Amino acid sequence: DQGLAYLAQALTEAGYLTLAPNLNAAYANAYGATAENRTDLVEARSQQIIDAHLAILSKAHQIGSADFGMPLTGKVNLNQLATIGHSLGGGIAVGMARQSLEESAQFWGGDEISPVQALLLVSPTPSRSVEQEPWAYELPDVPTGIVVGGCDRDIHDLSSLYYFEAANASANRETPVAALLVPGANHNFFNAAVLQDDYYRQPDNAPLCDPQQSTLRLSRVEQENFLVDYALKFLEQTLNPGNHRGTRSGRGIPQSLIPSAQISQVMVLANVAIPKAQQQVRFSPAETASNPLASGNLTLTHCAAFQPCDESLVRHPLFPTVLHIAWSQKGGWIRFPVSPQTVLQNAQSLHLRVAPVPGISDSGTASRFAVVLKDQSGRAVRVEVPSSTPALRELPADSAYPQSSLAYPSLVSIPIGQFRGVVLTRLAAVDLVFDEGSEGSIYLAEIRFL
């Protein structure tokens, strides 16, 4: 709780009533805790502690009490509740929000306190295996932001990002989820009470993560400032009643949940899961069995989640499912046909999730490509995706530790207005064209119209 005092202070100064419960007692190896049941007990005990805090807060708001050392009668908005959790606290926050929605009639004394309205998760983990217990990574249907450090050596498999992948694959979700991968952030520096730089627990990928070598590595102060800045932006949007109703009904998405490539002058790799009602999926290797059309000078490899593409390509993290596209000469192309039944007249942007494959080439055009939309009358418009695009920026990597080289597909968003001249209601195909560099390689996770 004390480790997040800097964040609580910033939120308080911005006008939020902020509680930072001490959950340490929930983790005690006592009172029946064993290695087998410890995670279940931690979740139940933490919920009890949080419930007690909020019950007393409700009492202080309604009839007054001295529990918080100041009068709070009538000063608390019990209908706008957000939770922020770091590490195991992030896993607890997810469970708390899920319970508040599923058991709202009994939650914290009935209607006195609303279900959780928004979640901000920082390097979250449920302390469960992402492969063996994937249910633990299912988010409740409220606007959610997720922040993860690329130099996290506590959650070394970056399974925190699987919360996003599960939400992105959900067919029924009505609210958006944003995921920010901060390449130069570690795990511990988000918590001021934890002094160790966890990078040194497993000091691999020094070009990116060693603070003495990397230009992207963040200091503790930089990580704290980043989290404060994003938390304030996130809460301003998601706790606004108008924004929340608009998001839930599908009429709008809070702009803070469509992240930019830079926040607080810190580079981020951003993704956003859009409610299914607001998108058309053109291609997802995880969802379609059909193969796109491709020129003969491209090599296509389907890479399933939690599996390496082949012996020479070690992905980090090992998800999502991607299509590995490689070329060794100019002029290659891959085509994704569009069904005549696809409805695109309200499309606002084209979203792609891509990543460069580490170590393929030192050329500045190694991952550069263009997107071409073609309609049924033969009209075509081309938009370049330069290699300077953050999603295509190849991050520093250590050849001695290829398993730690970040290659996480992130968002490329192209406004649909850039394809002016193509009739969207008669769209025939989406083409990716690789005619700039003589060789290159990318991972493609999906193509969607928003």
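Under the √(5λ) rule applied to the eigenvalues of the Cα gyration tensor, what semi-axes describe the equivalent ellipsoid of the range 109-176? Give them in Å, descending. Numbers along the way, then the final one.
Details: eigenvalues 110, 41, 30 Å².
Each semi-axis is √(5λ); the values are 23, 14, 12 Å.
Run the helix sum for the chain: -39,500 (n - 2.57) per DSSP H stretch of 4+ residues, divided by residue count, reported at 222 nm to the nearest 500 deg cm²/dmol.
Values: 7 runs with 88 residues, N = 450.
Computed ellipticity for the chain at 222 nm equals -6000 deg cm²/dmol.
Which of the DSSP-defined H helices in the chain satisfy a minimum axial length of 30 Å, computed from C-alpha atoms, and a minimum mean Kyte-Doolittle hydropathy of -0.5? Intermediate values should be presented prior to the final figure.
On the way: long enough: 38-62 (36 Å, -0.25).
Span-like helices, by this rule, are 38-62.
In square nanometres, what is one fourth of the surface area of the convex hull spanned by the alpha carbons of the range 1-153?
Averaged projected hull area, Cα only: 10.4 nm².
Which log10 I(q)/I(0) values does the range 176-233 give at q = 0.18, 0.28 Å⁻¹ under the Debye formula, counting every alpha carbon as one identical point scatterer?
Computed log10 I(q)/I(0) values: -0.65, -1.23.
Of the residues GLU436, GLU43, GLU102, which exhibits the maximal mean-square fluctuation in a Gaussian network model of the chain defined by a 10 Å Cα contact cut-off?
For the chain, modelled as a Gaussian network with Cα springs under 10 Å, the answer is GLU102.
Of GLY91, LEU195, LEU235, which is farthest towards the positive pole of the chain's charge dipole, taken about the Cα centre with +1 and -1 on the beta-carbons of Lys, Arg and Asp, Glu respectively?
LEU235
Check cross-link reach from LYS233 to the lysines: straight Cα distance under 28 Å, and skip same-chain residues fewer than eight apart.
LYS233 reaches LYS75, LYS276.
With a/c under 1.5 counting as rounded, go ahead and sort the range 291-450 into rounded, prolate or oblate using the C-alpha gyration tensor (a ≥ b ≥ c being the square roots of the eigenvalues; past the cut-off, prolate if a/b is larger than b/c, else oblate).
Judged from the Cα gyration tensor, the range 291-450 comes out prolate (a/c at least 1.5, a/b above b/c).
Would you mind getting the accessible area per residue of the chain, heavy atoms of the protein chains only, 1.4 Å probe, in Å²?
Per residue, the chain has 44 Å² of solvent-accessible surface.
Using all C-alpha to C-alpha distances in the range 396-450, build P(r) with 10 Å bins and read off the rounded percent in each one.
Going out from 0 Å in 10 Å bins, the range 396-450 shows 15, 35, 32, 12, 6, 0 percent.
With a/c under 1.5 counting as rounded, go ahead and sort the range 2-61 into rounded, prolate or oblate using the C-alpha gyration tensor (a ≥ b ≥ c being the square roots of the eigenvalues; past the cut-off, prolate if a/b is larger than b/c, else oblate).
Here the range 2-61 falls in the oblate category.
Can you pull the percent of the chain's accessible area that's carbon plus sulfur, 1.4 Å probe, other chains left in place?
Details: 9540 of 19590 Å².
Percent of accessible area from carbon and sulfur atoms in the chain: 49.
With the cut-off at 1.5 for a/c, could you classify the chain from its C-alpha gyration tensor as rounded, prolate or oblate?
The shape class here is prolate.
Using only alpha-carbon positions, what ratio does the radius of gyration of the range 123-240 give when scaled by 2.2 N^0.38 Å?
1.12
Please list LEU392, LEU195, LEU232 from largest to smallest accessible area, probe radius 1.4 Å, with all protein chains kept in place.
Heavy-atom accessible area, descending, gives LEU195, LEU232, LEU392.
Based on the mean of other Cβ atoms within 10 Å per residue, sort peptides 154-161, 414-421, 275-282 so the most packed one is first.
Result, highest mean first: 154-161, 275-282, 414-421.
Please give, to one decimal in nm, the separation of the simple spin-label points placed at LEU17 and ASP310, each 7 Å out from Cα toward the Cβ.
With each label placed 7 Å out from Cα toward Cβ, I get 6.1 nm.
Near LYS330, which aspartates and glutamates are there with a Cα under 12 Å away, not counting those fewer than 8 places off in the same chain?
ASP435, GLU436, GLU439
Given R₀ = 35 Å, FRET efficiency for TYR200-GLU131 by Cβ-Cβ distance, to 0.05? Walk me through the intermediate numbers first.
On the way: r = 27 Å, r/R0 = 0.77.
Taking R0 as 35 Å, the efficiency between TYR200 and GLU131 is 0.85.
So if I place +1 on the C-beta of Lys and Arg and -1 on the C-beta of Asp and Glu, and nothing else carries charge, what would the dipole magnitude of the chain be about its Cα centre? I want it in debye, nearest 20.
Computed about the Cα centre, the dipole is about 1480 debye.
Given a cut-off of under 8 Å on Cα pairs at least six residues apart, what relative contact order in percent is computed for the range 117-197?
33
Choose one of ALA28, ALA355, THR73: the residue whose Cα lies farthest towards the positive end of the charge dipole of the chain (beta-carbon charges +1 Lys, Arg; -1 Asp, Glu; about the Cα centre).
Most positive-ward Cα: ALA355.
The values are calculated or read from the model by the stated rules, or taken from the named source; none is laboratory data. A quick note: this is a predicted structure, and the numbers were derived from the prediction, not measured. Here Cβ is always computed from backbone atoms with ideal geometry, including for glycine, and neighbour counts include all displayed protein chains. Ligands, DNA and RNA are stripped out before the accessible areas are found, and what is left, the full protein with its side chains, is counted by its heavy atoms. Shrake-Rupley method; radii C 1.70, N 1.55, O 1.52, S 1.80 Å.
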